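Here's the structure, in structure tokens; my notes come after.
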Amino acid sequence: MKNGKTVFVVDGSRTPFLRAGKPGPFRAADLTVAAGRPLLARQPFEPDQFDEVILGCVMPGPDEANIGRVAALRLGCGKKVPAWTVQRNCASGMQALDCAARNIAAGHSDLVLAGGVEAMSHAPVLLNNAMVGWLSDWARAKDLPTKLKTLAALRPGHLVPIIGLLRGLSDPVIGLSMGQTAENLAKHFSISREQMDEFAITSHARLAQAQDDGIFEGEIEAIYDTRGKFYEHDNGLRRDSDMQKLAKLRPVFDRKFGSVTAGNSAQITDGMAWLILASEDAVKKHRLPTIGRITDCQWAGLDPAQMGLGPVHATTPMLQRHQLALKDVDYWEINEAFAAQVLACLAAWRDKDYCRNELGLGQALGEVDLDRVNLDGGGVSIGHPVGASGARIVLHLLHVLKRKKAHRGIATLCIGGGQGGAMMVERDTAA
Amino acid sequence: MTNERADEEKRMQDTQTPNETSPEAQAKPPAPAAKKKATHKKKNSHKHWHLEKDDAGIAWLSADRANAGTNSLSAEVLDELGDILDSIAASTPKGLVIQSAKPSGFIAGADVKEFVGLKDTETAAHLIRRGQSVFDKIEALDCPTVAAINGFCLGGGLELALACRYRVADEDPRTRLGLPEVRLGIHPGFGGSMRLIRLIGAPSAMGLMLTGRTISARAAKKLGVVDYAVPARHLSNAARHLIQSPPVAHQPPRWASWLNHRLLRPALGYYLKRQVSAKASPKHYPAPYALIDLWVAHGDDPKAMLAEEAFSVAKLITGYTAQNLIRVFLLQEKLKGLAKTAKGKKEVFKRVHVIGGGVMGGDIAAWCALQGLQVSVQDRKRESLAKVMQRAHKLFKKKLKHPRIVQAAMDRLMPDVEGLGLRRADVVIEAIFEDVEAKQNLFKEVEKKVGPKTIIATNTSSIPLDEISSALKNPARLVGLHFFNPVAMMQLVEIVTADLTDKAVAQRTAAFTKQIKRLPLPVKSGPGFLVNRILMPYLMEAVVLESEGVPAPAIDKAAVDFGMPMGPIHLADTVGLDICLHVAENLSASLGGDIPKKLRKLVEAKQLGRKTGQGFYKYNKGKPEKPSATQDSKLPADLTDRLMLRMLNEAVACLRESVVDGEDLMDAGIIFGTGFAPFHGGPMHYLQHTGVDILHSRLQELAKRHGDRFKPDAGWSSLKEIG
């Protein structure tokens, strides 16, 4: 990292991302164990050698307070390894990596297990305040007349639950759902429904190809439930999707006149990814092979109603700092929260006005070729378990760099609430 | 009155130890004798008990049997307790708390060794009455008395606690209370039968005593056996509270007291007997019936019941069944003792890698994880591993119940296609299909990857160890670790060694076996080792009988009447006829003997037994549909002999070939490996008891009638010399 020690990435693993419907077979902490056990088993060091464990997660379950610690203990890191949880909405996983990298760069840590997790299918469903109030009255009602009176006060409205997942995917300050912010961008940059759907089809096609080519070997660990089933692939993939089918889907966020559909948005999924980060000392001490370095990380804020442009705002200053142009980045992972949102990012860099007014540049930053973005699919096809994606795209980017024998990559994502995060990774091409 | 089952039960509770971080589990059971020293005025030390009196005038009596890790009630311990109680009675304390100074638990029961060889009912009755009189002294004290229970509180231990006015128990899962006497062929005799019924009523009390099952502190609280179940940190507080403000002693629910009425008892007794008869026949296991009779006759007269209780137990304990069941208990202890290493330095195995995710491999892996080890289970097929995880989860849920502990066990079990766990394993167990070459190749790879101290074991049931080990650089390393199916039920594990096998490795393997709460039986490598070799002639004879036209249910009934837990035809169906045929072919190849045609025919027709729904029997939801048995008159008179004597003859042959070391180990192996009628004390014991000459001549007659397969083995002659 800039101004500090080198931060190596030693290894990493993730679970398949599983489409969420009913509460899935794995809770968030179960996913951390499933992905982490084989990862730790193949390391030459013992799990208690970590200096700390850092985990990003947006909505841990009720039994998963400080889920980082829960994961560390269940993975056998032992009681002496401290562990903590970070939350920066959709970038929680990347935030965990950033915290780990900074601590290593500063010399506070040498060996850190960091990652992100989300079991969106287990997002809590809450009682509304009226119901909580009624329950408290019920508990206080001691005699039969009071009980009957309280019972009579119960209304159907009491039973309306608060769906945690929906609330989590809405901006509490401006009152827009994430999908509606994507509709904003589509309008601003004139991105059509067809463009979005085409993007979605490409995403699925790339994932299909990657799965067929066995690209994810060494990255995805198969996971096993308790009912005799196992999962080895991201199961949101639709091999049969075409423009016609996608065109039939109705807009979900702006019902009648919008263009953002379930088909061109990231899928609600359960999943997690771990990375092992190490200092040079730790690499030498345990003779660890490395898959790359984390060289920089940048966070940025912007209008919450335009949150999808977060990658633009986070990446631009980082490029400037390193005196790099867009073309100097060999490969990109831009998290696909929405097809519209990724397309908007690319459009913003291309747009002179936007670059001048919002980024303070003299001219448009330039073009990013889609052939260098999300090579093996993204959130639309793979899924976007919010807390996990930041770690997944960094891990996958390193695998892409290796496969393409490339040097530099940037993984970036937009963050609900109006932020962007970007992480630069590099590997030595000589090797 | 016994500590049988103690370890068995402990196993279930211990499984959570390594990953368990709850404060309850971490907190050590109180060792009050040491802790309260500062505040205590007076301390009296005896050999097996410590007595202290605190500032509040409460006497704290701690059981601490000298030279033992676990408290048990020997005659000496009881006598000393009697003396101490006399002095306590004279000193009139504010109250008395009886507790244990041992971390292993309260008191695990009477000292079983003292019952061995009791032949005279009078002597036995005297011994029992002496125990009763000690407990009577507790009950007779004027002050409130409390038993503060942690860990095992079984048999005589619970009977002692029942003599106190109140009981409090540590709610830790390691606490187990019970009266498992029936498992030794007796029933509670130190007043436990009478006092438990008086405390919680006959239905609940009979439920506990007739099954011999043990219960947790919380279950005991629910039943009213203990007054409080509290965390360890409050155990002495609870005891003190009961003494300082004593409530009315616990009473059975009113409806249960009504059932104790003279006119209702016979009806309930009849019902109970019917229930028991489904599990144990009165001929083989008289104890539960004696207990029911005792209550029906004296249920409303505690004094008479106490006296008759002693007499009833005295009669039982001198009998055939109890003496043999005690023998079985001691054989079990003997097997556990085999695991001890010479220097007493205990090696703790932490990681196990199982190769082969079939039923056997998967269940071994799950069992090891249940016992607290870190386990990886390797198989090329993810489908198999998924099934392994499913079965493991079912097992953990059944044994551990609490979701948090189940999850910890699941976390210890890693499906491992790549074999990542191999490198760090302390024990590697191979359980792939029975193919010499495949196993050889596998072990070549394994040997390269594991550490120098790792135990390398094969679960083969039919391939001689030498054939596999010849592929290893160091053939002395390979040991056989032969589990039986189903792993979670079968306690026995054969530790198989060839001439080449390193003795130290075999010893460590036995220690590993004990660590995972199984019974190690050292056997010499040879066809079928011990258990399968002995079982096979018995199963084959059953098949022959069936082919001769004897109805299968009648064959099974003959074996069950003898005391086998399951008839041979039913057993063959359960094991799987393909597996039976495989083992039989394997054995006949080296030992000779014919394989019945019927068996081959069924296997060819893919009627493999329970797993396919059709074998000798037709299966409906896993249960055989048995046509009603034919009348005895039509059955061959030598039916039972033909089954059992083939088994005994094979046992004699194995003994002659030193497959196991001596008659005791033979008996232990056959009882725990095949379920051989425990009340007969094992095949060799049965043989000696019935008479070597008698059985030998019966074999000769059978050989004349049915052929050479009944020819007495050469080993009979050396038996004769002893007999």
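The values are calculated or read from the model by the stated rules, or taken from the named source; none is laboratory data. Since this is a predicted model, take the numbers as computed values, not measurements. Here Cβ is always computed from backbone atoms with ideal geometry, including for glycine, and neighbour counts include all displayed protein chains.
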**OP:** Could you tell me whether any residue of the stretch B:368-390 is assigned to a helix (DSSP H, G or I), modelled with pLDDT of 95 or more, more than 13 Å from every other protein chain (Cβ to nearest Cβ) and farther than 18 Å from A:R74 by Cβ?
**Re:** yes
Subject >> Close pairs (9 angstrom Cβ cut-off, 6 or more residues apart or separate chains): modelled with pLDDT under 90 in the stretch B:253-264, among the aromatic types (F, W, Y) anywhere >> reply: B:N260/B:W295
Original post:
Mind checking which pairs have a first residue in the stretch A:42-71 that is more than 11 Å from chain B (Cβ to nearest Cβ) and a second that is among the hydroxyl-bearing types (S, T, Y) and assigned to a loop (DSSP other than H, G, I, E, B), Cβ under 9 Å, 6 or more apart or different chains?
Top reply: A:F50/A:S109; A:D51/A:S109; A:E52/A:S109
**OP:** Answer yes or no as to whether B:I569 is assigned to a helix (DSSP H, G or I), crowded, with 21+ Cβ neighbours inside 10 Å and not small (G, A, S).
**Re:** yes
Original post:
So how many residues does the stretch B:288-343 have that are among the small types (G, A, S) and within 18 Å of the chain's Cα centre (by Cα)?
Top reply: 3
Original post:
Which residues, taken from the stretch A:72-83, are under 24 Å from the mean Cα position of the chain (by Cα), within 13 Å of chain B (Cβ to nearest Cβ) and either more than 22 Å from A:P289 (Cβ to Cβ) or surrounded by fewer than 18 Cβ atoms within 10 Å (Cβ to Cβ) (or both)?
Top reply: A:A72, A:L73, A:R74
Subject >> Among the candidates A:Q306, A:Q323, residue that is at positive phi and surrounded by fewer than 23 Cβ atoms within 10 Å (Cβ to Cβ) >> reply: A:Q323
**OP:** Tell me which residues, restricted to the stretch A:149-165, are in a helix (DSSP H, G or I) and either aromatic (F, W, Y) or under 39 Å from the mean Cα position of the chain (by Cα) (or both).
**Re:** A:P156, A:G157, A:H158, A:L159, A:G164, A:L165
Subject >> Selection status of A:G36, within 20 Å of A:G390 (Cβ to Cβ), within 14 Å of chain B (Cβ to nearest Cβ), assigned to a helix (DSSP H, G or I) and modelled with pLDDT of 95 or more >> reply: yes
Original post:
Can you tell me which residue in the stretch A:192-215 is surrounded by the most Cβ atoms within 10 Å (Cβ to Cβ), limited to those that are part of a helix (DSSP H, G or I) and β-branched (V, I, T)?
Top reply: A:I201
Original post:
Any residue in the stretch A:329-336 that is hydrophobic (A, V, I, L, M, F, W, C), surrounded by fewer than 24 Cβ atoms within 10 Å (Cβ to Cβ) and over 26 Å from A:L55 (Cβ atoms)?
Top reply: yes
Original post:
Within the stretch B:409-429, can you find the residues that are more than 8 Å from chain A (Cβ to nearest Cβ) and either farther than 13 Å from B:C368 by Cβ or outside any loop (DSSP other than H, G, I, E, B) (or both)?
Top reply: B:A409, B:R412, B:L413, B:G419, B:L422, B:R423, B:V427, B:V428, B:I429
**OP:** Would you check if B:A249 is modelled with pLDDT under 95 and either surrounded by 18 or more Cβ atoms within 10 Å (Cβ to Cβ) or assigned to a loop (DSSP other than H, G, I, E, B) (or both)?
**Re:** yes
Subject >> the stretch B:382-416: number of residues that are charged (D, E, K, R), touching a helix residue (DSSP H, G or I) at 6+ places or on another chain (Cβ under 9 Å) and within 21 Å of B:V446 (Cα to Cα) >> reply: 1
Subject >> Selection within the stretch A:196-236 - away from chain B (no Cβ under 14 Å), touching a helix residue (DSSP H, G or I) at 6+ places or on another chain (Cβ under 9 Å), of a type in the set (A, V, I, L, M) and within 18 Å of A:H399 (Cβ to Cβ) >> reply: A:L207, A:A208, A:I215
**OP:** Determine if the stretch A:277-292 includes at least one residue that is farther than 30 Å from A:A41 by Cβ, part of a loop (DSSP other than H, G, I, E, B) and in contact (Cβ under 8 Å) with a residue 60 or more places away in the chain.
**Re:** no
**OP:** Could you tell me which numbered condition B:K606 fails, if it satisfies all but one of (1) in contact (Cβ under 8 Å) with a residue 12 or more places away in the chain; (2) assigned to a loop (DSSP other than H, G, I, E, B)?
**Re:** (1)
Original post:
Any residue at all in the stretch A:107-130 that is within 14 Å of another protein chain (Cβ to nearest Cβ), farther than 17 Å from A:L395 by Cα, of a type outside the set (D, E) and crowded, with 16+ Cβ neighbours inside 10 Å?
Top reply: no
Subject >> Residue ID - farthest from B:G269 (Cα to Cα), chosen from residues in the stretch B:163-204 that are under 23 Å from the mean Cα position of the chain (by Cα) and assigned to a strand (DSSP E or B) >> reply: B:R176
**OP:** Being of a type in the set (F, W, Y) and not in a strand (DSSP E or B) is the filter here, so list the residues in the stretch A:1-33 that pass it.
**Re:** A:F17, A:F26
Subject >> Filter result for B:V313 (closer than 30 Å to B:G419 by Cβ, aliphatic (A, V, I, L, M), at pLDDT 95 or above and out of contact with any Leu (no Cβ under 8 Å at 6 or more places or on another chain)) >> reply: no
